[in-house]
1. Among all residue pairs at least 6 apart or on different chains, which show Cβ distances below 6 Å where the first residue, located in region 84-105, is at negative phi and in contact (Cβ under 8 Å) with a residue 60 or more places away in the chain and the second is buried (at least 16 other Cβ atoms within 10 Å of the Cβ) and of a type in the set (Phe, Trp, Tyr)?
2. Going through PHE147, PHE161 one at a time, which residue ends up being touching a Pro at 6+ places or on another chain (Cβ under 9 Å), in a helix (DSSP H, G or I), aromatic (Phe, Trp, Tyr) and closer than 23 Å to TRP54 by Cα?
3. Out of everything in region 92-123 that is assigned to a loop (DSSP other than H, G, I, E, B) and either at pLDDT 95 or above or small (Gly, Ala, Ser) (or both), what residue ends up being surrounded by the fewest Cβ atoms within 10 Å (Cβ to Cβ)?
4. For region 177-185, state whether one or more residues are over 17 Å from the mean Cα position of the chain (by Cα), over 24 Å from ALA69 (Cβ atoms) and either part of a helix (DSSP H, G or I) or of a type in the set (Val, Ile, Thr) (or both).
5. Within region 124-144, track down each residue that is assigned to a loop (DSSP other than H, G, I, E, B) and hydroxyl-bearing (Ser, Thr, Tyr).
6. Being surrounded by fewer than 16 Cβ atoms within 10 Å (Cβ to Cβ) and under 30 Å from LEU82 (Cβ atoms) is the filter here, so list the residues in region 157-181 that pass it.
Amino acid sequence: MKMSRTIAFAAPLLLASPAFAHPGHGNEGSFLSGFLHPIGGLDHVLAMVAVGLWAVVLGGRALWALPAAFVGAMVVGFVLSLAGLPLPLVEPMILASILALGGLTALARPVALPVAAAIVGALALFHGHAHGSEMAGASALAYLAGFASATALLHGTGVAFGVLAARPLGLIATRVAGGLIALGGAALVIGG
């Protein structure tokens, strides 16, 4: 009786496939893998939502220009990675991007659009480089389309939250969200 229970318990363990810490295993280089990559990492999510929030704080053309600058520079970082060109301090700069973008949102100081776009673009290079260095498989273009789409969706989430929250509360909710993102970034720095 004990032997049959042991076999009944062990059989599913022997048949189970291994679990992986990051999404997309088995689909590396696919659109889905690229799409899941930024959504699966809190560091990317916080930074990308912060871009949308900061765009709301700055208003006007920043609503489309900051997300566009981020996605464009992220693609450049991805290409640099695929070309084998190293970028120093990728992970620390990704963490710094959370602190910077969250802090800039929370402070809500006026920043000229070209300067804001340059800040966002410079930080996005590191995110793109990380995406490129973590991609495996043959279809870089599908992977790129996936993570660019997810990034735009996360930016849109930040913009939508900021715009919707601004109706009843003004910019205070957006600024508080930026502060919480910066705190989340600090927690990742301390914990990592």
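1. Listed by first residue and then by second, the contacts come to LEU101/TRP54; LEU104/TRP54; THR105/TRP54.
2. Exactly one of PHE147, PHE161 is touching a Pro at 6+ places or on another chain (Cβ under 9 Å), in a helix (DSSP H, G or I), aromatic (Phe, Trp, Tyr) and closer than 23 Å to TRP54 by Cα, namely PHE147.
3. Selected residue: ALA112.
4. There is no residue in region 177-185 that is over 17 Å from the mean Cα position of the chain (by Cα), over 24 Å from ALA69 (Cβ atoms) and either part of a helix (DSSP H, G or I) or of a type in the set (Val, Ile, Thr) (or both).
5. SER139
6. Across region 157-181, the qualifying residue is only THR157.
The values are calculated or read from the model by the stated rules, or taken from the named source; none is laboratory data. Predicted model, so just to flag it, every value in this text is computed and none were measured. Heads up, the Cβs are rebuilt from the backbone with ideal geometry, glycines too, and the neighbour counts pull from every protein chain shown.
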